[in-house]
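Here's the structure we're looking at; comments come further down.
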Amino acid sequence: MCAKNNQFETLPLKVCAMNPYTMSVSYVKSSEYPSQCPTGGLPEYAFIGRSNVGKSSLINMLAGNGKLSKVSGTPGKTRLINHFLVNNRWYMVDLPGYGFAKSSKSERKQFSSIITRYISERESLTLLFVLIDARLQPQSIDLAFIRQLGEHGVPFALAFTKADKVSGTERRSNVERFRRALLETWEELPPIFVTSSEKKMGGEEILRYIEHVNSDLQKP
């Protein structure tokens, strides 16, 4: 999204016809360091995953805008921490992906530093959505990243992407294998969502869960 006279366009959020929420989404800023991120303490729900997992497409589906987060045929294009204000109540945060082998060593180190600083230092981070490719069996890089979240005490949920690209049987099998892999080291499983940006699947469930968490945060 481009700035116009220093004012960013506000867009209606329409995930699907059954979506009970009426929202607006606006780009706020991009930052390299947590200290540069927006102030004010609003809850932040960040999205991260391996490069080419479909993160931008999922964010665009949630926002009801195909151009909010840049979708590129070249993985690894998200370079900074990107904040989008939703309904003037919470932030949707687009983080750089991890594990893109074609990035230079210095770039991978920079992205890793940006991610680590944000998830370990950002007090407003309420929940991190870790995106997993539903077409694949459990990948060591995803499991290793999730272990790091446990070490930092970061609350997270799993969002399986590209669910329409594989049969229902194979998708369920891959999700179950991932669940079993997590249970080898975790006593409890995080919330799990299955999504398809093309089929507009799973977006309402994610938004409903975010609203539920926000409601809990407001309780005395």
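Yes or no, residue by residue, for (1) within 30 Å of GLY41 (Cβ to Cβ); (2) touching a strand residue (DSSP E or B) at 6+ places or on another chain (Cβ under 9 Å); (3) of a type in the set (Gly, Ala, Ser):
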position: SER120; (1), (2), (3): yes, no, yes
position: PHE129; (1), (2), (3): yes, yes, no
position: LEU182; (1), (2), (3): no, yes, no
position: PHE193; (1), (2), (3): yes, yes, no
position: LYS199; (1), (2), (3): no, no, no
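Which pairs turn up if I take residues in the stretch 196-220 that are within 21 Å of LYS55 (Cβ to Cβ) and of a type in the set (Ser, Thr, Tyr) and look for partners that are assigned to a loop (DSSP other than H, G, I, E, B) and at pLDDT below 95 with beta carbon separation below 8 Å, at least 6 apart in sequence or on another chain? Matching pairs, first to second residue: SER197/GLY54. Report yes if some residue within the stretch 150-163 is exposed (fewer than 13 other Cβ atoms within 10 Å of the Cβ), within 17 Å of ILE119 (Cβ to Cβ) and modelled with pLDDT of 95 or more; otherwise report no. Yes - at least one qualifying residue is present in the stretch 150-163.
On the basis of being closer than 27 Å to ILE141 by Cα and at pLDDT below 90, does LYS55 make the cut?
For LYS55, the condition - closer than 27 Å to ILE141 by Cα and at pLDDT below 90 - is not met.
Just name the residue that is nearest to PRO155 (Cα to Cα) out of those in the stretch 171-188 that are free of Cβ contacts under 8 Å to residues at least 24 places away in the same chain and either among the hydroxyl-bearing types (Ser, Thr, Tyr) or surrounded by 13 or more Cβ atoms within 10 Å (Cβ to Cβ) (or both). Across the stretch 171-188, the extreme among qualifying residues is ARG179. On inspection, GLY168 passes the criterion of being out of contact with any helix residue (DSSP H, G or I) (no Cβ under 8 Å at 6 or more places or on another chain) and more than 20 Å from LEU95 (Cα to Cα). Considering only the stretch 166-188, I want to know if a residue exists there that is more than 21 Å from ASN82 (Cβ to Cβ), part of a helix (DSSP H, G or I) and modelled with pLDDT under 95. No: zero hits.
The numbered conditions (1) of a type outside the set (A, V, I, L, M, F, W, C); (2) in a helix (DSSP H, G or I); (3) surrounded by 13 or more Cβ atoms within 10 Å (Cβ to Cβ) are all true for ASP216 except (3).
Against the list (1) of a type in the set (Val, Ile, Thr); (2) at pLDDT below 95; (3) in a strand (DSSP E or B), the condition THR126 fails is (2).
Filtering the stretch 38-56 to residues that are hydroxyl-bearing (Ser, Thr, Tyr) and either in contact with a Phe, Trp or Tyr (Cβ under 9 Å, 6 or more places away or on another chain) or under 14 Å from PHE129 (Cα atoms) (or both) leaves TYR45, SER51, SER56.
The values are calculated or read from the model by the stated rules, or taken from the named source; none is laboratory data. Everything numeric here is computed off the predicted structure, so don't read it as measured data. FYI the Cβ positions are ideal-geometry reconstructions off the backbone, even for glycines, and counts take in every protein chain you see.
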